[in-house]
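Since the structure comes first, as structure tokens, the remarks are kept for the end.
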Amino acid sequence: MPATGHILTICTANICRSPMAEGLLRHALAGQPTPLKSLRVVSAGVAARTGELVTENSVYAMKKVGIDISGHRSQPLTKELLDGALAVLCMTELHCATIPLMFDLPPKNIFLFREFLPPSAEKEIADPYGGPYALYELCRDEMVEAIPTLIEQLKKLVGRPAAR
């Protein structure tokens with residue numbers, strides 16, 4: 001049975017972290033067996049404007065690992081994006097806490113992108129915006145580190161109906 005729902009990555013403006021997370025997760029899922037590889041991955045921001053360009057440093061950090069996100073354009077988080085999301089993956093606790101304040105019926109399955117790493121690991125991914133290129137690489141690498149544990153969690157969620 002094909003997977004239903006989609007994976008939604010969330011940050012603030014949808015121009016740095018969540019587009020990088022979207023690209024990395026889409027790439028990782030493409031190498032998985034069905035139904036994981038059929039999952040759609042999208043991103044949005046809790047304070048995003050529509051149509052903003054992804055930052056150059058995010059594009060360069062991703063190109064360095066063979067993923068092109070240069071065509072990404074920002075979008076604000078909407079109820080429609082939340083509806084049917086199999087998992088909502090946030091960069092910080094503040095993002096997780098903001099979603100219920102924005103919408104009357106917050107979805108279940110809101111997680112931190114790094115939530116499933118061992119307890120000793122830092123769970124939040126800091127915003128690199130305005131910082132040096134090295135911060136964007138660090139941000140990307142923190143996401144890469146979390147991908148295997150995310151894949152394992154998504155395996156558990158696939159097959160269950162999207163929670164509401």
Among the residues of the range 1-53, the number that are surrounded by 23 or more Cβ atoms within 10 Å (Cβ to Cβ), in a strand (DSSP E or B) and either hydroxyl-bearing (S, T, Y) or in contact (Cβ under 8 Å) with a residue 60 or more places away in the chain (or both) is 6
A careful count of residues in the range 3-49 that are over 19 Å from I110 (Cβ atoms) and among the basic types (K, R) gives 3
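Kindly establish whether A85 is out of contact with any helix residue (DSSP H, G or I) (no Cβ under 6 Å at 6 or more places or on another chain), modelled with pLDDT under 95 and of a type in the set (A, V, I, L, M, F, W, C). Break it down into steps so the answer makes sense when it comes.
Working: out of contact with any helix residue (DSSP H, G or I) (no Cβ under 6 Å at 6 or more places or on another chain): yes; modelled with pLDDT under 95: yes; of a type in the set (A, V, I, L, M, F, W, C): yes.
Taking the combined requirement at face value, the residue satisfies it.
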Exactly one of Y60, Y129 is hydroxyl-bearing (S, T, Y), in contact with a Phe, Trp or Tyr (Cβ under 8 Å, 6 or more places away or on another chain) and closer than 20 Å to A13 by Cα, and that residue is Y60
Those residues of the range 18-73 which are closer than 14 Å to I147 by Cβ and in contact with a Ser or Thr (Cβ under 8 Å, 6 or more places away or on another chain) amount to M20, A21, E22, L25, V41
Reported set for the range 103-148 where residues are among the hydroxyl-bearing types (S, T, Y) and either within 16 Å of the chain's Cα centre (by Cα) or assigned to a helix (DSSP H, G or I) (or both) is Y133, Y136
Taking the range 54-69 and keeping residues part of a loop (DSSP other than H, G, I, E, B) and exposed (fewer than 14 other Cβ atoms within 10 Å of the Cβ) leaves K64, G66, D68
The one condition K79 fails out of (1) of a type in the set (D, E, K, R); (2) touching a Phe, Trp or Tyr at 6+ places or on another chain (Cβ under 9 Å); (3) modelled with pLDDT of 95 or more; (4) within 15 Å of L8 (Cα to Cα) is (3)
Considering the range 23-60, residues that are basic (K, R) and touching a strand residue (DSSP E or B) at 6+ places or on another chain (Cβ under 8 Å), and then whichever is nearest to P128 (Cα to Cα), we arrive at R49
Q.
So, L94, is that one in a strand (DSSP E or B) and closer than 20 Å to C16 by Cβ or not?
A. no
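The values are calculated or read from the model by the stated rules, or taken from the named source; none is laboratory data. Predicted, not measured: the structure shown is a model, and the values here were computed from it. Cβ: placed from backbone, ideal geometry, glycine included. Neighbour counts: every protein chain shown.
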